[in-house]
Amino acid sequence: MNEEKDQESSALDEVMVARIEIEGIGVAANEKEMTDSVRALPGVREVKIENGVMYVTYDPLDTSEKKIEEAVRASGNTVKAASADTETPHP
């Protein structure tokens, strides 16, 4: 019985990481506007920009890759490519 609860709990703790290539990354003003727009979404836990790519860790129960892409576009930027993978949270 406890094993079932542990499995349910771990499934609920699973997060997704969206990898989004965006035109205009590298310009500080653009990056701040993009990251602020994405961070405002419910369920977003972390936003990082590395090597010209935005990585967004989020709870798939609260938001989606599509909503993240829409937030980037709403900030006036162009999404070149996007993908999402699951990631187990690290302790």
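The values are calculated or read from the model by the stated rules, or taken from the named source; none is laboratory data. Worth saying up front: this structure is predicted, and the values here are computed from it rather than measured. Positions of Cβ are generated from backbone atoms using ideal geometry, with glycine treated the same way; all protein chains shown enter the neighbour counts. Side chains included, ligands, DNA and RNA excluded: accessible areas come from the protein's heavy atoms. Shrake-Rupley method; radii C 1.70, N 1.55, O 1.52, S 1.80 Å.
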Inter-label distance for residue 81 and residue 27, nm, one decimal - labels placed 7 Å from Cα along Cα-to-Cβ: 2.2
Sequence of 41, 61 when ordered by accessible area, the most exposed leading, probe 1.4 angstrom: 61, 41
Probe 1.4 Å, all protein chains present, accessible-area order of 59, 36, largest first: 36, 59
Derived scalar couplings ³J(HN,Hα) [the range 34-48; Karplus, 6.51 cos²θ - 1.76 cosθ + 1.60; whole Hz; x for Gly, Pro]: 5, 5, 4, 5, 6, 4, 6, 6, x, x, 6, 9, 7, 10, 10
Extension reserve of the residue 64-residue 49 stretch, reckoned as 0.36 nm per residue once the Cα distance is removed: 3.6 nm
Stretch gain in nm, segment residue 14-residue 57, where the contour uses 0.36 nm per residue and the Cα spacing is subtracted: 14.4 nm
